[in-house]
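Step one of this worksheet: look at the structure below.
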Amino acid sequence: MDQATASKTRPSVARVLVEVDITKKYAKEVWVGSKTYDYLQKVDFEKVPKFCTHCKSHRHVVVECFKLHPELKKPTIEMAFTWYRSSMWKRLDRLLFNNDWVNHPHITHVQHLSRTLSDHAPLLMQISENITKPSFAFRFQNMWINHVDFLNVVATNWNANVFPDNHIIGMARLWAKLSRLKQALRWWNKHVFKNIFDNIKEAEGKVVELESVLVDNYSEENISKLENAKLSLFQLQNQEEIFWKQKTSIAWTTEGDRNTSFLHAMVNKNRMRNQIHKIVDPQGIVCDTEQLVINLGIAYFQNMFNSSKSKLPINNASVIPKMVDEDVNAMLIHSPTEDEVWNTIKGMNGDSVSGPDGFTTKFFVKTWDIIKYDIIDAVHDFFKGTPYPKFFSSTNIVLIPKKDNPNYLNDFRAISLCTFFNKLVAKILAYRLSSILANIISINQTGFFKGRNIFDNILLAQEMVHDLNAKVTWWKYFVQT
């Protein structure tokens, strides 16, 4: 609600902000509640704007959208609707398949063809072999942490001398140790930890075998063996659950709630959704082969990131107020303490997707007592002003669809996955800056600031426009910026 409603300075009417989903029908009533009572308030909507079900925006309907963008009707471009009559567009026809079909090593693509004699669009299913090579980049698996030998493997490798120069320090030493540890964990995963799914099958067979032995010979020794086998199986199943959760990046599953079939299905769904099978270039030509999509993507983002936009010249720098004095600047750039580094690491998301280094935050939390001195030395090296090495500043660029069924490269949002060390020093600086933001950011800036809400300015503008509705006209002024 707005300030006038909250402070009860306008008792005649209450102005309440209600959030609605524009993609669904408007609710006929909303729930209003307080500490003492609640009720359903009927709602009437006036001057409801047009809504386009294609681009998910107001001001026009889907037919007008297709008139503005006739290229959407080309059969080579994926359309969201399969049925059309008058001004109504719906997606009534779909292709359904089960998880067994998803697990097959092929790519299934469904194309909506043009309508001829029917108001339904024919569906053309194309099946092609998946020739995409899997990525062999190192990715730390959080399930390794629960293995009994994990910390010993890390400690043995980490405490060994750095080859060929054991005297390197700071960020260079940290990177050398992380690179060497990657190779050690690869070997350990292949020969010691082994395939988690094969381990579970072997453990399940062991439990069945010991149950048969217990039936034939009921003894305390066989009971103990069976309990140990069940415990080993439970630990492996827990590791499998961690594996699938990391694969799906789902944060809302509860701990201990095993549902690996659901997580496996989510992995398959994400894999299909994340693959770009075809894309349309600026000339309207459909690129439907892997190499064409790659070449188009490289050219598009090279042009984006290499664009030479001139900087705006500052003619009079004296008009810019100096908001950071020497004391504040010293606070921002001084070397962090061990507690500050550790608290920053603990505050980071342990399940976030790793960057080029391949390590997740959970690895650094679990092995902190082993690696903390090298982490702290590297952070101090950064704050001393040592040039940031490329192996820590590099990122992996991934594409996030802005909408369903993206057809063009500008339908994707590019984000960068940073290395852990890059995120660590950025978090340290961000925490320090958060303590002085109120002094360097104007009170008029309400968006993207903790403790402030951009809706305050929106409601204030609405109140000003509402108050302009008066009989007296000489004082009506509207300031446009």
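Structure values in brief
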read-out	value
Within segment 149-205, considering residues that are surrounded by 13 or more Cβ atoms within 10 Å (Cβ to Cβ) and of a type in the set (F, W, Y), the one farthest from I376 (Cα to Cα)	F193
Failed criterion for D411 (all others in (1) surrounded by fewer than 14 Cβ atoms within 10 Å (Cβ to Cβ); (2) modelled with pLDDT under 90 hold)	(1)
Filter result (more than 30 Å from D339 (Cβ to Cβ) and part of a loop (DSSP other than H, G, I, E, B)) within segment 375-416	K402, K403, D404, N405, P406, N407, Y408
Members of segment 151-166 that are closer than 24 Å to L424 by Cα and either in contact with a strand residue (DSSP E or B) (Cβ under 9 Å, 6 or more places away or on another chain) or free of Cβ contacts under 8 Å to residues at least 24 places away in the same chain (or both)	V162
Output for segment 273-292, where each listed residue is farther than 19 Å from I127 by Cα and not aliphatic (A, V, I, L, M)	D281, P282, Q283, G284
Meets criteria (out of contact with any strand residue (DSSP E or B) (no Cβ under 8 Å at 6 or more places or on another chain), over 27 Å from A155 (Cβ atoms) and either of a type in the set (D, E, K, R) or in a loop (DSSP other than H, G, I, E, B) (or both)) for K372	no
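The values are calculated or read from the model by the stated rules, or taken from the named source; none is laboratory data. Worth saying up front: this structure is predicted, and the values here are computed from it rather than measured. Because the Cβ atoms are built from the backbone with ideal geometry, glycine has one as well, and the counts that use them run over all protein chains shown.
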